[in-house]
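Written below as structure tokens is the structure these notes are about.
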Amino acid sequence: MSVNTAHANNGVLIHAGEYILLHSDSVSMEFSGQDNPIFKGSKGGRIYLTSHRMIFNSKKSSDSMQSFSAPFVALSDVEIEQPVFGANYIKGKVRAQPNGNYVGEVKFKLHFKAGGAIEYGQALLRSAKTAMNNYHRGGLAGDDPPPYQPAGSWNEAPPPAYQPPPGYYGWLPHHDAFSGPAPNTVFMSDNPPPYPGIVARFGSTHHYFYPIQRPMCVVLVPALIP
């Protein structure tokens, strides 16, 4: 995870070759387990599920946390909570990326004000499991995620980045809480993702950007990330 690295011009900043799977405009997040004041208080904003990570953007310009990025390979203990009283929510842990503007680990709770917690959580779990299967570093599950790399130059993203390629990912949920990002709110770095996404890439071990050429076969995954 990295803090304040995934926003630009009041929008979201993604990597070259990354694309948005889900977007909800009305969520709140709470963090615990960190002394860093940037994590204090409930934060309202937008949540994105991309081909490589979970991204939160704050709607409050005065908040010291404007964005956080949680690569799938940095997530652990993700669960969908369904309390008897109160709305459903998602909880989990995220390990810091080296150079990601904080150190250690932080716990989070993600609440959906317009519903969709279960649907988003299932898509997140499935994406994270697939990405971990594509993680060919040869290290252990507890290893640090790849370090944060500065975005470099960036521009407004082309339209394909706003949604998955047509005909793919039929397992993505349909819910009124999810809508495409507003026009002119997605920006793209020139650099490819430094960590794996939901489609296996063959060849280079330095980056995980690849063209999609055929449908991905996805298998059912457990309800939790180990």
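The values are calculated or read from the model by the stated rules, or taken from the named source; none is laboratory data. Note that the structure is a prediction, hence the values are computed from the model and not measured. In this analysis, Cβ positions are derived from the backbone assuming ideal geometry, glycine residues included, and neighbour counts consider all displayed protein chains. Heads up: the accessible areas ignore ligands, DNA and RNA and are worked out on the full protein's heavy atoms, side chains in. Shrake-Rupley method; radii C 1.70, N 1.55, O 1.52, S 1.80 Å.
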Problem set entry | Single residue of segment 181-190 satisfying the filter (closer than 18 Å to His52 by Cβ and within 17 Å of the chain's Cα centre (by Cα)) that is most open to solvent (accessible area, probe 1.4 Å) | Met188
Problem set entry | The listed residue being part of a strand (DSSP E or B) and of a type in the set (Ser, Thr, Tyr), out of Ser69, Ser127 | Ser69
Seminar exercise, completed: Those residues of segment 85-124 which are open to solvent by less than 60 Å² (accessible area, probe 1.4 Å) and in a helix (DSSP H, G or I) amount to Ala117, Ile118, Glu119, Tyr120, Gly121, Ala123, Leu124
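Residues checked against (1) of a type outside the set (A, V, I, L, M, F, W, C); (2) modelled with pLDDT of 85 or more:
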position	(1), (2)
Trp154	no, yes
Pro160	yes, no
Trp171	no, no
Pro194	yes, yes
Gly197	yes, yes
Pro211	yes, no
For this session: Return yes or no: is Ser189 closer than 26 Å to Ser26 by Cβ and modelled with pLDDT of 85 or more?
Result: no
Exercise. What are the residue pairs meeting all of these: first residue in segment 91-118, first residue acidic (Asp, Glu), second residue crowded, with 20+ Cβ neighbours inside 10 Å, Cβ atoms under 6 Å, and 6 or more apart or on different chains?
Worked result: Glu105/Arg95
Seminar exercise, completed: Restricting segment 24-67 to residues that are farther than 25 Å from Pro165 by Cα and aromatic (Phe, Trp, Tyr), the one most open to solvent (accessible area, probe 1.4 Å) turns out to be Phe31
For this session: Please determine, by comparing only the residues of segment 1-16 that are within 18 Å of Pro183 (Cβ to Cβ) and assigned to a loop (DSSP other than H, G, I, E, B), which one is least open to solvent (accessible area, probe 1.4 Å).
Result: Asn9
Problem set entry | Total residues in segment 68-84, condition in contact with a Pro (Cβ under 8 Å, 6 or more places away or on another chain) and loosely packed, with under 15 Cβ neighbours inside 10 Å | 0
